[in-house]
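Novice: Sharing a structure below in structure tokens format, with a few things to ask.
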Amino acid sequence: MSQLADTRPLAGTGSPRERYRRAVAALAAPLHDQVAGHDRTDQALVTGRREIADRLGESAGRVHAARSDVAAAADQVEAVDRRARRIWRELAALPGRPRDLGPTPIPRAVTAQPALPATELLDRAERTVTAARLGELPLRPPVPIWAAMVLAGAVGALVCAGIGTALLVAAPGMPVGERAAARVIADVAFALGVVAGVPGALSWLSRYGQPMTARAFGAVFGTGAIATIGLFVLLGH
């Protein structure tokens, strides 16, 4: 009875409306907390999605930039390969070089950073090939120089001797004035046979970037003199 008497004042505290409000508030508090929790969860989800979208955008930008870099690198590699093939063809076309060098060699794999970039190496190779083509770079001739000089002197003497002989053979059938001129021209042709091989020798030497040394000139001159005298005597002039 005493306990009942103690609880009655508590249960009857306030009007029924106040008790109803307190009951409704007590029931609504968990629901409010739940709704607030859902709002916070939705807000976190929206924020997370926004962050994910931003990161995806950044990643897509990086992927696009990487693809652009890869495409640019591929274009640069192709340009370097084309230039290397062109220089290789020019090298094969140089005098004294084998015409069939085969395909452009595959670059050697390197583990360390090369001392010079590929473009600078190609620049140096192109300058070297250009200098060789212009005769500014000495190349090894396909035959010994002395043999080429002897051949040039002999060919020059033979050509001049042939011209002189043809004029002397045709001279008897010519009028008197023309006959004398033909004999003079024939004598000049035989005289020029001594040095007739020099222009050809110079052209051949310049093709390989070699100078006309005293020994080379002596070989051309000596061979031309010997061949001219021999042909002059042999032909009975």
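The values are calculated or read from the model by the stated rules, or taken from the named source; none is laboratory data. A quick note: this is a predicted structure, and the numbers were derived from the prediction, not measured. Positions of Cβ are generated from backbone atoms using ideal geometry, with glycine treated the same way; all protein chains shown enter the neighbour counts. With ligands, DNA and RNA removed, areas are computed over all heavy atoms of the protein, side chains included. Shrake-Rupley method; radii C 1.70, N 1.55, O 1.52, S 1.80 Å.
Novice: Given a 1.4 Å probe and heavy atoms of the protein chains only, how would you sort 208, 20, largest accessible area at the top? Numbers along the way, then the final one.
Specialist: Numbers: 208 10, 20 155 Å².
In descending accessible area the options line up as 20, 208.
Novice: If R0 is 25 Å, what FRET efficiency do you get for residue 124 and residue 58 from their C-beta distance, rounded to 0.05?
Specialist: Numbers: r = 42 Å, r/R0 = 1.70.
Between residue 124 and residue 58 the formula returns 0.05.
Novice: At a threshold of 8 angstrom on Cα-Cα distance, excluding pairs fewer than six apart, so keeping six or more, what relative contact order does segment 145-235 reach in percent?
Specialist: 45 percent.
Novice: Another one. How do the peptides 148-157, 195-204, 74-83 rank, highest first, by the average count of neighbouring beta carbon atoms within 10 Å per residue?
Specialist: Sorting 148-157, 195-204, 74-83 by mean packing, highest first, produces 148-157, 195-204, 74-83.
Novice: If you don't mind, another one. Hey, what do the phi angles of segment 204-221 turn into as Karplus ³J(HN,Hα) couplings, whole Hz, using 6.51/-1.76/1.60 and θ = phi - 60°, x for Gly and Pro?
Specialist: Along segment 204-221, the couplings run 5, 5, 5, 4, 10, x, 9, x, 8, 7, 5, 5, 5, 5, x, 5, 5, 5 Hz.
Novice: Would you grab the residues whose amide H sits under 5 Å from the one on residue 193? Only those 5+ places off in sequence or on another chain, please, with H modelled 1.01 Å from N.
Specialist: Result for residue 193 returns nothing.
Novice: OK, next. Let's test the formula: R0 of 22 Å, r as the Cβ-Cβ distance of residue 217 and residue 143. What FRET efficiency results, to the nearest 0.05?
Specialist: 0.80
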